[in-house]
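The values are calculated or read from the model by the stated rules, or taken from the named source; none is laboratory data. The structure presented is a predicted model; accordingly, all values stated were derived computationally and were not measured. Note: ideal-geometry Cβ built from the backbone for every residue, glycine included; neighbour counts use all protein chains shown.
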Amino acid sequence: MIEVNELTKRYGRTVAVDGLTFTVEPGCVTGFLGPNGAGKSTTLRMIIGLNEPTSGSVTVQGHRFRDHPRGLRHVGALLDASDVHGGRSAVAHLGVLARTNAIPLRRVDEVLAEVGLAGAARRRIGGYSLGMKQRLGIAAALLGDPPVLLFDEPLNGLDPEGVRWVRGLFRRLAAEGRTVFVSSHLMSEMEHTADHLVVVGRGRLIADEPLASFAARGRGSSVTVRTPDADALAGVLTAAGAQVRPDGEERLVVTGLDADAIGELAHRHGHRLRELATSAASLETAFMELTADSVEYLAGESR
């Protein structure tokens, strides 16, 4: 578990992170979203002690990262896949990390095989493609078999097979009960991978909720409901804050509530449902709408 409490980071007059508070729970994939300059990378660096907070605190498994002995056994992180010594081989690079964290050297071969780099293990990293460096960075994060994993833009440079593999890897790690925190700009991949979202803008928290609930807040998503009690159910949903539009005699189109919430309200009030279908909820639409005031750089506009 990662617990962030009133975390703030200032660089002179610039506030990069402004009083962030959220918790990243184990057992699910949590996506970390925000426009450029939102403070995501700074927050990730503070979690693993690379940046010191101006105020506030962040703990991993109840302790500051720096207080964990043999850090890679507790937290694995991929923050910059290119931040490696190009003259070393993958085996040498991971071997150094293993020795300094008291990790059995057999893990080096294990993780290289897991990420698909066994055949390139003794090649110099400087000759790797970006996708191969991403795989190596993921191998380094997995090296200590840690309960907490952080990934910053892990899909950059990966081909479609690699993207699919990473998606499955994150879901498997979460299913094992680990804490998986992923920062990405690829909304389509977050829709396929994340269960929960933490969204920030200009260093402040915008949302901390399940992905489906966040996507449903965008105007591009809706739920179709078919019921013989259309008029009565429409009143219930409107009272709960939804926007309801009749679409035929028994059909309603609902925005502002997700399908789970609608089903629960219908059950609670005794209304029968014959259809409950969610349109393709657009995470991208919801993200663009809810972070519009937090975008630092707008193409085609001067600020």
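On the basis of being in the same structural domain as Leu94 (by TED's automatic domain parsing) and either assigned to a loop (DSSP other than H, G, I, E, B) or surrounded by fewer than 19 Cβ atoms within 10 Å (Cβ to Cβ) (or both), does Thr23 make the cut? Considered against the rule, which asks whether it is in the same structural domain as Leu94 (by TED's automatic domain parsing) and either assigned to a loop (DSSP other than H, G, I, E, B) or surrounded by fewer than 19 Cβ atoms within 10 Å (Cβ to Cβ) (or both), Thr23 comes out as yes. Restricting attention to segment 1-20, report how many residues are of a type in the set (D, E, K, R) and either in a loop (DSSP other than H, G, I, E, B) or buried (at least 20 other Cβ atoms within 10 Å of the Cβ) (or both). Matching residues across segment 1-20 total 2. Considering only segment 129-151, state which residues are surrounded by fewer than 22 Cβ atoms within 10 Å (Cβ to Cβ) and over 22 Å from His74 (Cβ atoms). Passing the criteria: Ser129, Leu130, Gly131, Met132. Can you find even one residue in segment 44-60 that is touching a residue at least 60 places away in the same chain (Cβ under 8 Å) and basic (Lys, Arg)? No; the residues of segment 44-60 include none that is touching a residue at least 60 places away in the same chain (Cβ under 8 Å) and basic (Lys, Arg).
Inspect all residues belonging to segment 138-154 and state whether any of them is in the same structural domain as Phe181 (by TED's automatic domain parsing), of a type in the set (Val, Ile, Thr) and over 22 Å from the mean Cα position of the chain (by Cα). Scanning segment 138-154, I find no residue that is in the same structural domain as Phe181 (by TED's automatic domain parsing), of a type in the set (Val, Ile, Thr) and over 22 Å from the mean Cα position of the chain (by Cα), so the answer is no.
The criterion of at least 2 residues that are more than 30 Å from Pro26 (Cα to Cα) and touching a Pro at 6+ places or on another chain (Cβ under 9 Å) is met, among helices (runs of 4 or more DSSP H) falling completely within segment 185-258, by 230-239.
The residue that is nearest to the chain's Cα centre (by Cα), among those in segment 1-41 that are closer than 21 Å to His74 by Cβ and of a type in the set (S, T, N, Q), is Thr30.
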